[in-house]
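Asks: Sharing a structure here in structure tokens format.
The values are calculated or read from the model by the stated rules, or taken from the named source; none is laboratory data. Please read these numbers as outputs of a predicted model, since none were measured by experiment. Heads up, the Cβs are rebuilt from the backbone with ideal geometry, glycines too, and the neighbour counts pull from every protein chain shown.
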Amino acid sequence: MHIRFFRLRFLFVSLPYLLILIFMRIYISGKISGLPYEEVKAKFDKAESDLSARGNDVVSPIKTFIPYNSPRESHMLLDTILLLGCDAVYMLSDWIYSRGATLEKCMAESTGKQIIYEETPVFVELKQAVSETIGIPFYEIAGSSRKRDIVYARMIYVDCCLKRGASVTSIAAEMKHNHSTVLYYLRKFNDDYTFNPKFRDIANRIESSFQNK
């Protein structure tokens with residue numbers, strides 16, 4: 001009798017906590033701007049379906065009353081409100097290439113939301129060291145800009161990844177650049193590090209920042 005009572009009492013006390021762990025309100029974050037609507041809808045719908053199947057209440061920013069082609073500011077305002085009303089944020093694999101998703105991740109971290117990744121990020125502290133030293137967010141570094149400082153950051157990041165065991169193929173896939181471009185950055189890194197004092201100083205500061213994290 002006492003054992004049965006203990007079990008019932010344990011279940012009664014524990015159930016609310018178990019429900020909190022299992023059922024969460026989750027906001028989906030990922031790259032939207034610059035992509036075809038069909039591609040955006042497919043990846044957000046898949047994430048919503050997967051998360052809902054696990055018993056979560058899922059909030060998708062592409063399923064709001066605001067038309068898809070509305071001004072960016074309108075979407076950002078509503079998305080911020082939706083995100084703040086959630087327990088966690090689910091980062092799609094392409095979030096790092098998006099300004100909006102990067103801002104949403106920062107907002108989630110600053111308000112204590114749980115961050116859930118579709119894919120486990122690689123070289124997180126290295127990305128942070130590069131971005132902080134150069135003063136440029138990583139979504140711009142991973143982009144296609146030819147501005148000098150961004151190219152410097154890209155070259156240094158690629159070289160650091162290779163030195164830490166990543167293959168050229170995996171670096172190219174993660175950076176969304178082709179194989180030959182990554183090889184070019186690696187060759188250029190060696191030349192600039194040898195003959196360009198400014199570049200060498202930036203590379204050394206990034207390495208130092210990374211080592212101190």
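Asks: Give me the pairs: first residue in the stretch 63-77 and in contact (Cβ under 8 Å) with a residue 60 or more places away in the chain and farther than 18 Å from residue 34 by Cα, second residue outside any loop (DSSP other than H, G, I, E, B) and among the charged types (D, E, K, R), beta-carbon distance under 7 Å, and six or more apart or on different chains, which are they?
Replies: none
Asks: Moving to a separate point now. What residue, among those in the stretch 83-110 that are of a type in the set (D, E, K, R) and either touching a Cys at 6+ places or on another chain (Cβ under 6 Å) or not in a helix (DSSP H, G or I) (or both), is farthest from residue 47 (Cα to Cα)?
Replies: Among those that are of a type in the set (D, E, K, R) and either touching a Cys at 6+ places or on another chain (Cβ under 6 Å) or not in a helix (DSSP H, G or I) (or both), it is 87.
Asks: Right, something else. Which one is nearest to the chain's Cα centre (by Cα), of the residues in the stretch 135-151 that are surrounded by 17 or more Cβ atoms within 10 Å (Cβ to Cβ) and among the β-branched types (Val, Ile, Thr)?
Replies: Checked the stretch 135-151; the qualifying residue nearest to the chain's Cα centre (by Cα) is 141.
Asks: Checking residue 79 against (1) in a loop (DSSP other than H, G, I, E, B); (2) more than 30 Å from residue 158 (Cα to Cα), which single condition isn't satisfied?
Replies: If we test residue 79 against (1) in a loop (DSSP other than H, G, I, E, B); (2) more than 30 Å from residue 158 (Cα to Cα), just (1) comes out false.
Asks: Out of the residues in the stretch 166-213 that are touching a residue at least 60 places away in the same chain (Cβ under 8 Å) and not in a helix (DSSP H, G or I), which is surrounded by the fewest Cβ atoms within 10 Å (Cβ to Cβ)?
Replies: 213
Asks: One residue is enough: does the stretch 131-138 have a residue meeting the conditions more than 29 Å from residue 88 (Cα to Cα), modelled with pLDDT under 95 and out of contact with any Lys or Arg (no Cβ under 8 Å at 6 or more places or on another chain)?
Replies: yes
Asks: Tell me yes or no: at least one residue of the stretch 68-82 is aromatic (Phe, Trp, Tyr) and surrounded by 12 or more Cβ atoms within 10 Å (Cβ to Cβ).
Replies: No.
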